[in-house]
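Written below as structure tokens is the structure these notes are about.
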Amino acid sequence: MIHKLEADSIQFEINGRKILRDIYLKCETGKITGILGRNGEGKSCLMKIIYGSLECEKSVRFDDVAQHEPFKRPDLLLYLPQFNFIPKSLSLKRIFDDYELEYSSFEKRFPEFKTRHSSIINSLSGGEQRLIELYIVVKSRSQFAMLDEPFTHLNPLQIEKVQNLLSEEKENKGLLLTDHMFRYITDICDSLYVLTNGKTHLTKNISELETMGYARL
């Protein structure tokens, strides 16, 4: 069964400036949906609004059922924010146990973490912490996952492995992601929205990114 997440009727402003005003977005299980936009267009705000951690006028629906606070429903939606969210004092073993994930599967994909299951997350580099949190969100049991700047601090080899992970995991959930390194998004997404002037535009092909002034290809 294909599940869908939809968001629309979003009105959000800061200091009298309308950031979001004409939004429609749909993400389906089995697909990777990308959101692109220049800095300050409101991509992170949009994700927080969908998640329910930022209040405003909105309509967020899962399979046509409204959900006002999806953050209370981890079975429906998990969110990777730009900032680190896992407590710094936890060991990798504790983190994987808490999320009911096998560490052996993780270290097989990322062998640089082999034998490091007892390490405290605060002892890891920024890129390593990002990789742990990204993997946890993507592999956990939820219908959908939102990823805000998932490729931040990752090296090229890790980025390639994460792209493969996302392409595999979309068979189990719907993925909604944004990143300023847009080519990593366009390489793997099945549908792509551009956010500009408070509106979302569903692109029909990559060449439209240049037409809308987002990027030179």
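The table below gives the values:
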{"item": "Total residues in segment 152-168, condition small (Gly, Ala, Ser) and at pLDDT below 95", "result": "0"}
{"item": "Meets criteria (more than 21 Å from CYS189 (Cα to Cα), buried (at least 16 other Cβ atoms within 10 Å of the Cβ) and β-branched (Val, Ile, Thr)) for ILE136", "result": "no"}
{"item": "Residue that is touching a helix residue (DSSP H, G or I) at 6+ places or on another chain (Cβ under 6 Å), aliphatic (A, V, I, L, M) and surrounded by 21 or more Cβ atoms within 10 Å (Cβ to Cβ), where the choices are LEU78, LEU54, LEU46", "result": "LEU78"}
{"item": "Wholly enclosed strands (runs of 3 or more DSSP E) of segment 47-151 bearing at least 2 residues modelled with pLDDT of 95 or more and touching a Gly at 6+ places or on another chain (Cβ under 8 Å)", "result": "144-148"}
{"item": "Verdict on ILE14 being of a type in the set (A, V, I, L, M, F, W, C) and under 21 Å from MET181 (Cβ atoms)", "result": "no"}
{"item": "Of residues in segment 89-132 being among the aliphatic types (A, V, I, L, M) and free of Cβ contacts under 8 Å to residues at least 40 places away in the same chain, the one surrounded by the fewest Cβ atoms within 10 Å (Cβ to Cβ)", "result": "ILE120"}
{"item": "Residue in segment 96-111 that is under 17 Å from the mean Cα position of the chain (by Cα) and over 25 Å from MET181 (Cβ atoms) present", "result": "no"}
{"item": "ILE206 vs. criteria at pLDDT below 90, among the aliphatic types (A, V, I, L, M) and in contact with a strand residue (DSSP E or B) (Cβ under 8 Å, 6 or more places away or on another chain)", "result": "yes"}
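The values are calculated or read from the model by the stated rules, or taken from the named source; none is laboratory data. Note that the structure is a prediction, hence the values are computed from the model and not measured. Every residue, glycine among them, receives a Cβ derived from its backbone with ideal geometry; neighbour counts consider all protein chains shown.
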